[in-house]
Amino acid sequence: MRKLAIGVGVTGALALGVLVAPAASAASPALTFSGVTVNKGKAIVVGTTAKVKVPVTYTVTRPSDLTIDYKTNFAGVLLYRGTLKDQDNSLEPSAAPTCATTATTDTTVTQSCTQTLVVDPWDNLYEAADAGTWKAAGFYTRIDQDDDDSDGHISFELGYDLWANSATAKVQRAAHLTVNATPEPAVAGKTLTVKGSLTRANWDIGKYSGYKGQKVTLQFRAKGTSSYKNVKGITSAAGGALSTTTKATKSGYYRFVFAGTSTTAAKTTAGDYVQVDPPAYTG
(Lines give C-alpha, C1' and ligand atoms only; values in the text may rest on other atoms or scores of the structure.)
Protein backbone atom coordinates (compact mmCIF):
# COMPACT_ATOMS: atom_id res chain seq x y z
CA MET A 1 0.00 0.00 0.00
CA ARG A 2 1.49 3.35 -1.02
CA LYS A 3 -1.02 5.66 0.67
CA LEU A 4 -3.98 5.38 2.96
CA ALA A 5 -5.60 8.77 3.35
CA ILE A 6 -4.87 12.47 3.31
CA GLY A 7 -2.59 13.77 6.07
CA VAL A 8 -2.18 17.21 7.56
CA GLY A 9 1.41 18.35 8.09
CA VAL A 10 2.75 19.21 11.53
CA THR A 11 2.67 22.90 10.66
CA GLY A 12 -1.08 22.70 10.06
CA ALA A 13 -0.72 23.08 6.29
CA LEU A 14 -2.26 20.49 4.01
CA ALA A 15 0.18 17.84 2.85
CA LEU A 16 -0.11 14.50 1.13
CA GLY A 17 1.70 11.46 2.43
CA VAL A 18 1.62 7.94 3.71
CA LEU A 19 -0.43 7.48 6.85
CA VAL A 20 0.34 4.59 9.12
CA ALA A 21 -1.19 6.19 12.19
CA PRO A 22 -3.21 4.08 14.61
CA ALA A 23 -6.98 4.35 14.66
CA ALA A 24 -8.20 7.61 16.12
CA SER A 25 -9.06 7.61 19.79
CA ALA A 26 -11.69 10.31 19.37
CA ALA A 27 -15.22 9.33 18.39
CA SER A 28 -15.87 9.36 14.65
CA PRO A 29 -18.05 12.24 13.50
CA ALA A 30 -21.34 11.51 11.73
CA LEU A 31 -20.51 12.69 8.21
CA THR A 32 -22.47 11.64 5.14
CA PHE A 33 -21.12 12.04 1.58
CA SER A 34 -23.48 11.76 -1.39
CA GLY A 35 -23.86 12.83 -5.01
CA VAL A 36 -20.17 12.36 -5.75
CA THR A 37 -19.26 13.15 -9.37
CA VAL A 38 -15.66 12.86 -10.56
CA ASN A 39 -14.37 14.73 -13.64
CA LYS A 40 -17.94 15.45 -14.76
CA GLY A 41 -18.44 11.74 -15.33
CA LYS A 42 -15.65 11.48 -17.92
CA ALA A 43 -12.55 9.30 -17.80
CA ILE A 44 -9.37 10.80 -16.34
CA VAL A 45 -6.80 10.59 -19.14
CA VAL A 46 -3.19 10.93 -18.02
CA GLY A 47 0.00 11.02 -20.07
CA THR A 48 3.57 10.86 -18.83
CA THR A 49 4.45 14.44 -17.83
CA ALA A 50 1.52 16.86 -17.65
CA LYS A 51 -0.45 17.17 -14.42
CA VAL A 52 -4.20 16.64 -14.84
CA LYS A 53 -6.70 18.64 -12.79
CA VAL A 54 -9.79 16.63 -11.90
CA PRO A 55 -12.90 18.41 -10.56
CA VAL A 56 -14.92 16.55 -7.94
CA THR A 57 -18.34 17.65 -6.74
CA TYR A 58 -20.25 16.20 -3.81
CA THR A 59 -22.69 16.89 -1.01
CA VAL A 60 -21.64 16.48 2.62
CA THR A 61 -23.85 16.55 5.71
CA ARG A 62 -22.14 17.13 9.05
CA PRO A 63 -23.22 17.75 12.65
CA SER A 64 -24.01 21.42 13.20
CA ASP A 65 -21.62 21.55 16.13
CA LEU A 66 -18.67 20.31 14.03
CA THR A 67 -16.58 23.08 12.49
CA ILE A 68 -14.20 22.07 9.69
CA ASP A 69 -11.46 24.70 9.49
CA TYR A 70 -9.08 22.94 7.03
CA LYS A 71 -6.21 23.65 9.41
CA THR A 72 -6.67 21.23 12.26
CA ASN A 73 -9.25 19.12 10.47
CA PHE A 74 -10.15 18.41 6.86
CA ALA A 75 -13.00 16.73 4.95
CA GLY A 76 -13.27 15.80 1.30
CA VAL A 77 -13.39 13.02 -1.26
CA LEU A 78 -10.49 10.85 -2.42
CA LEU A 79 -10.13 8.11 -5.04
CA TYR A 80 -8.55 4.78 -4.25
CA ARG A 81 -7.68 1.49 -5.88
CA GLY A 82 -7.95 -1.74 -3.92
CA THR A 83 -10.09 -2.03 -0.80
CA LEU A 84 -11.00 0.66 1.68
CA LYS A 85 -8.79 -1.02 4.28
CA ASP A 86 -5.88 -2.02 2.03
CA GLN A 87 -5.51 0.58 -0.69
CA ASP A 88 -3.07 -0.09 -3.52
CA ASN A 89 -3.01 3.60 -4.45
CA SER A 90 -4.99 6.76 -3.76
CA LEU A 91 -5.54 10.21 -5.23
CA GLU A 92 -6.24 12.95 -2.72
CA PRO A 93 -6.94 16.71 -2.75
CA SER A 94 -4.13 19.00 -1.67
CA ALA A 95 -6.29 22.07 -1.04
CA ALA A 96 -9.54 22.83 0.73
CA PRO A 97 -12.78 22.48 -1.23
CA THR A 98 -15.19 25.30 -1.94
CA CYS A 99 -18.47 24.64 -0.13
CA ALA A 100 -21.83 26.38 0.06
CA THR A 101 -24.50 25.60 2.65
CA THR A 102 -27.68 24.31 1.06
CA ALA A 103 -29.71 23.17 4.09
CA THR A 104 -29.66 23.24 7.88
CA THR A 105 -31.56 21.59 10.69
CA ASP A 106 -31.24 21.85 14.45
CA THR A 107 -28.53 19.19 14.38
CA THR A 108 -27.04 19.11 10.85
CA VAL A 109 -25.56 21.27 8.12
CA THR A 110 -25.62 20.17 4.47
CA GLN A 111 -23.15 21.66 2.00
CA SER A 112 -22.52 21.39 -1.72
CA CYS A 113 -18.77 21.21 -2.35
CA THR A 114 -16.30 21.35 -5.22
CA GLN A 115 -12.70 20.23 -4.92
CA THR A 116 -9.82 19.49 -7.28
CA LEU A 117 -7.63 16.42 -7.49
CA VAL A 118 -4.32 17.06 -9.24
CA VAL A 119 -2.96 13.89 -10.83
CA ASP A 120 0.78 13.99 -11.44
CA PRO A 121 1.78 10.88 -13.42
CA TRP A 122 5.27 10.97 -11.94
CA ASP A 123 4.13 11.20 -8.32
CA ASN A 124 0.74 9.46 -8.33
CA LEU A 125 0.75 6.69 -10.96
CA TYR A 126 3.24 3.87 -10.80
CA GLU A 127 2.19 0.83 -12.77
CA ALA A 128 -0.15 -0.58 -15.39
CA ALA A 129 -2.64 -1.59 -12.70
CA ASP A 130 -3.29 2.11 -12.01
CA ALA A 131 -5.24 2.23 -15.30
CA GLY A 132 -8.80 1.14 -14.67
CA THR A 133 -11.69 1.84 -12.33
CA TRP A 134 -11.07 3.64 -9.03
CA LYS A 135 -13.54 4.02 -6.17
CA ALA A 136 -14.49 7.16 -4.29
CA ALA A 137 -14.50 7.60 -0.52
CA GLY A 138 -15.38 10.47 1.77
CA PHE A 139 -12.78 11.19 4.43
CA TYR A 140 -12.34 13.20 7.59
CA THR A 141 -8.88 13.91 9.05
CA ARG A 142 -8.01 15.71 12.26
CA ILE A 143 -4.88 16.51 14.25
CA ASP A 144 -4.16 17.45 17.82
CA GLN A 145 -0.77 19.13 17.89
CA ASP A 146 1.40 20.67 20.58
CA ASP A 147 4.77 21.77 19.21
CA ASP A 148 5.61 24.18 22.03
CA ASP A 149 8.73 22.56 23.51
CA SER A 150 9.27 25.21 26.19
CA ASP A 151 7.98 22.73 28.76
CA GLY A 152 10.15 19.92 27.40
CA HIS A 153 7.26 18.13 25.74
CA ILE A 154 5.62 18.03 22.30
CA SER A 155 2.85 15.86 20.90
CA PHE A 156 1.17 15.08 17.61
CA GLU A 157 -1.93 12.94 17.31
CA LEU A 158 -3.66 12.23 14.01
CA GLY A 159 -6.93 10.47 13.30
CA TYR A 160 -8.92 9.75 10.18
CA ASP A 161 -12.19 8.27 9.00
CA LEU A 162 -13.09 6.89 5.57
CA TRP A 163 -16.59 6.25 4.21
CA ALA A 164 -16.99 4.13 1.08
CA ASN A 165 -19.07 5.65 -1.70
CA SER A 166 -20.82 4.13 -4.70
CA ALA A 167 -19.17 6.62 -7.09
CA THR A 168 -16.31 5.48 -9.33
CA ALA A 169 -13.92 7.05 -11.82
CA LYS A 170 -11.99 5.56 -14.71
CA VAL A 171 -8.29 6.38 -15.04
CA GLN A 172 -6.88 5.81 -18.53
CA ARG A 173 -3.47 5.98 -20.18
CA ALA A 174 -3.20 8.70 -22.82
CA ALA A 175 -2.54 7.42 -26.37
CA HIS A 176 -0.45 8.87 -29.18
CA LEU A 177 -1.32 8.07 -32.79
CA THR A 178 0.44 9.12 -36.01
CA VAL A 179 -0.31 8.77 -39.74
CA ASN A 180 1.64 9.34 -42.96
CA ALA A 181 0.39 8.47 -46.46
CA THR A 182 2.86 8.18 -49.36
CA PRO A 183 3.69 8.91 -52.09
CA GLU A 184 2.67 12.56 -52.19
CA PRO A 185 1.42 13.41 -54.73
CA ALA A 186 -0.03 10.08 -55.82
CA VAL A 187 -1.27 8.86 -59.20
CA ALA A 188 -4.86 7.73 -59.58
CA GLY A 189 -5.13 3.96 -59.59
CA LYS A 190 -1.73 3.45 -58.02
CA THR A 191 -1.03 2.11 -54.52
CA LEU A 192 -0.82 4.35 -51.50
CA THR A 193 1.03 3.19 -48.41
CA VAL A 194 -0.27 4.52 -45.09
CA LYS A 195 1.93 4.13 -42.03
CA GLY A 196 1.87 5.31 -38.45
CA SER A 197 2.25 4.18 -34.87
CA LEU A 198 0.09 3.67 -31.79
CA THR A 199 1.72 4.26 -28.41
CA ARG A 200 0.40 4.81 -24.91
CA ALA A 201 1.63 6.24 -21.63
CA ASN A 202 3.82 3.82 -19.70
CA TRP A 203 3.83 5.06 -16.09
CA ASP A 204 6.44 2.49 -15.06
CA ILE A 205 9.12 4.33 -17.07
CA GLY A 206 7.54 7.75 -17.66
CA LYS A 207 7.50 7.39 -21.46
CA TYR A 208 5.18 6.28 -24.27
CA SER A 209 5.46 2.62 -25.33
CA GLY A 210 4.16 0.78 -28.38
CA TYR A 211 0.65 -0.67 -28.08
CA LYS A 212 0.64 -3.95 -29.99
CA GLY A 213 -2.37 -6.00 -31.10
CA GLN A 214 -4.91 -3.17 -31.19
CA LYS A 215 -7.48 -2.53 -33.90
CA VAL A 216 -7.05 0.79 -35.70
CA THR A 217 -9.28 2.01 -38.52
CA LEU A 218 -8.02 3.81 -41.62
CA GLN A 219 -10.48 6.48 -42.76
CA PHE A 220 -10.62 8.75 -45.82
CA ARG A 221 -12.29 12.11 -46.48
CA ALA A 222 -12.41 13.32 -50.06
CA LYS A 223 -11.36 16.90 -50.75
CA GLY A 224 -14.37 19.22 -50.58
CA THR A 225 -16.41 16.91 -48.34
CA SER A 226 -16.99 17.06 -44.58
CA SER A 227 -17.16 13.45 -43.38
CA TYR A 228 -14.71 10.57 -43.13
CA LYS A 229 -15.54 7.05 -44.28
CA ASN A 230 -13.95 3.81 -43.15
CA VAL A 231 -11.47 2.26 -45.57
CA LYS A 232 -10.23 -0.76 -43.63
CA GLY A 233 -9.27 -1.99 -40.20
CA ILE A 234 -5.74 -3.05 -39.32
CA THR A 235 -3.98 -4.31 -36.20
CA SER A 236 -0.98 -2.64 -34.62
CA ALA A 237 2.22 -4.68 -34.83
CA ALA A 238 5.31 -4.81 -32.62
CA GLY A 239 6.11 -1.41 -31.13
CA GLY A 240 2.63 -0.23 -32.12
CA ALA A 241 3.61 0.01 -35.81
CA LEU A 242 0.80 0.57 -38.32
CA SER A 243 1.08 -0.10 -42.05
CA THR A 244 -1.44 -0.75 -44.80
CA THR A 245 -2.08 -0.01 -48.45
CA THR A 246 -5.01 1.33 -50.45
CA LYS A 247 -5.68 2.50 -54.00
CA ALA A 248 -5.41 6.20 -54.73
CA THR A 249 -8.71 7.33 -56.24
CA LYS A 250 -9.12 11.03 -55.50
CA SER A 251 -7.45 13.80 -53.54
CA GLY A 252 -8.25 13.88 -49.86
CA TYR A 253 -7.29 13.20 -46.27
CA TYR A 254 -6.29 9.94 -44.62
CA ARG A 255 -6.37 9.37 -40.88
CA PHE A 256 -6.15 6.59 -38.30
CA VAL A 257 -8.77 6.14 -35.57
CA PHE A 258 -8.20 4.17 -32.36
CA ALA A 259 -11.42 3.54 -30.43
CA GLY A 260 -9.63 3.03 -27.11
CA THR A 261 -9.85 0.29 -24.50
CA SER A 262 -10.89 0.14 -20.87
CA THR A 263 -7.39 1.22 -19.84
CA THR A 264 -6.30 3.43 -22.76
CA ALA A 265 -8.05 6.51 -24.13
CA ALA A 266 -9.33 6.80 -27.69
CA LYS A 267 -7.27 8.78 -30.18
CA THR A 268 -7.72 10.11 -33.72
CA THR A 269 -5.01 11.63 -35.89
CA ALA A 270 -5.37 14.76 -37.94
CA GLY A 271 -5.93 14.08 -41.63
CA ASP A 272 -2.87 13.66 -43.87
CA TYR A 273 -3.63 15.25 -47.23
CA VAL A 274 -2.67 13.48 -50.44
CA GLN A 275 -3.00 15.12 -53.83
CA VAL A 276 -4.04 12.54 -56.45
CA ASP A 277 -3.19 13.36 -60.05
CA PRO A 278 -4.58 11.62 -63.15
CA PRO A 279 -2.35 9.09 -64.91
CA ALA A 280 0.13 10.52 -67.37
CA TYR A 281 -1.23 10.75 -70.92
CA THR A 282 0.44 8.14 -73.14
CA GLY A 283 -1.48 8.61 -76.37
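The values are calculated or read from the model by the stated rules, or taken from the named source; none is laboratory data. Source: prediction; values computed, not measured. Glycine gets a Cβ as well: all are built from the backbone with ideal geometry, and neighbour counts include every protein chain shown.
Checking each residue of region 80-96 against the condition of being among the charged types (D, E, K, R), over 30 Å from Tyr211 (Cβ atoms) and touching an Asp or Glu at 6+ places or on another chain (Cβ under 6 Å) gives no match. Per the listing Gly17, Gly47, the residue uniquely modelled with pLDDT under 95 and closer than 28 Å to Ile205 by Cβ is Gly17.
Ile154 meets each of the listed conditions (1) over 30 Å from Thr245 (Cα atoms); (2) exposed (fewer than 13 other Cβ atoms within 10 Å of the Cβ); (3) of a type in the set (Val, Ile, Thr); (4) at pLDDT 95 or above apart from (4).
Per-residue answers, yes or no, for (1) in contact with a helix residue (DSSP H, G or I) (Cβ under 8 Å, 6 or more places away or on another chain); (2) surrounded by fewer than 12 Cβ atoms within 10 Å (Cβ to Cβ); (3) without any contact (Cβ under 8 Å) to a residue 60 or more places away in the chain; (4) within 21 Å of Ser34 (Cβ to Cβ):
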site: Tyr58; (1), (2), (3), (4): no, no, no, yes
site: Ser90; (1), (2), (3), (4): no, no, no, yes
site: Thr108; (1), (2), (3), (4): no, no, yes, yes
site: Thr116; (1), (2), (3), (4): no, no, no, yes
site: Trp122; (1), (2), (3), (4): no, yes, no, no
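Consider region 228-242 and keep the residues that are surrounded by 15 or more Cβ atoms within 10 Å (Cβ to Cβ) and among the hydroxyl-bearing types (Ser, Thr, Tyr). The one that is nearest to the chain's Cα centre (by Cα) is Ser236.
Can you spot a residue in region 239-248 that is under 25 Å from Pro183 (Cβ atoms) and in a helix (DSSP H, G or I)?
The first filter runs over region 239-248 and keeps only residues under 25 Å from Pro183 (Cβ atoms), leaving 239-248.
Among the residues that remain, those that are also in a helix (DSSP H, G or I) are: 239-240.
Yes.
What are the pairs, 6+ residues apart or on separate chains, where a residue within region 148-161 that is over 20 Å from Leu31 (Cβ atoms) has its Cβ under 6 Å from a residue that is part of a strand (DSSP E or B)? Qualifying pairs under 6 Å: Ile154/Asp146; Ser155/Asp146; Phe156/Gln145. From the list Thr225, Thr199, Thr261, Thr217, the lone residue that is in a strand (DSSP E or B), surrounded by fewer than 18 Cβ atoms within 10 Å (Cβ to Cβ), modelled with pLDDT of 95 or more and outside the structural domain of Ala128 (by TED's automatic domain parsing) is Thr217.
Scan region 36-47 and give yes if some residue there is under 16 Å from Arg142 (Cβ atoms) and surrounded by fewer than 17 Cβ atoms within 10 Å (Cβ to Cβ), otherwise no. No, every residue in region 36-47 fails to be under 16 Å from Arg142 (Cβ atoms) and surrounded by fewer than 17 Cβ atoms within 10 Å (Cβ to Cβ).
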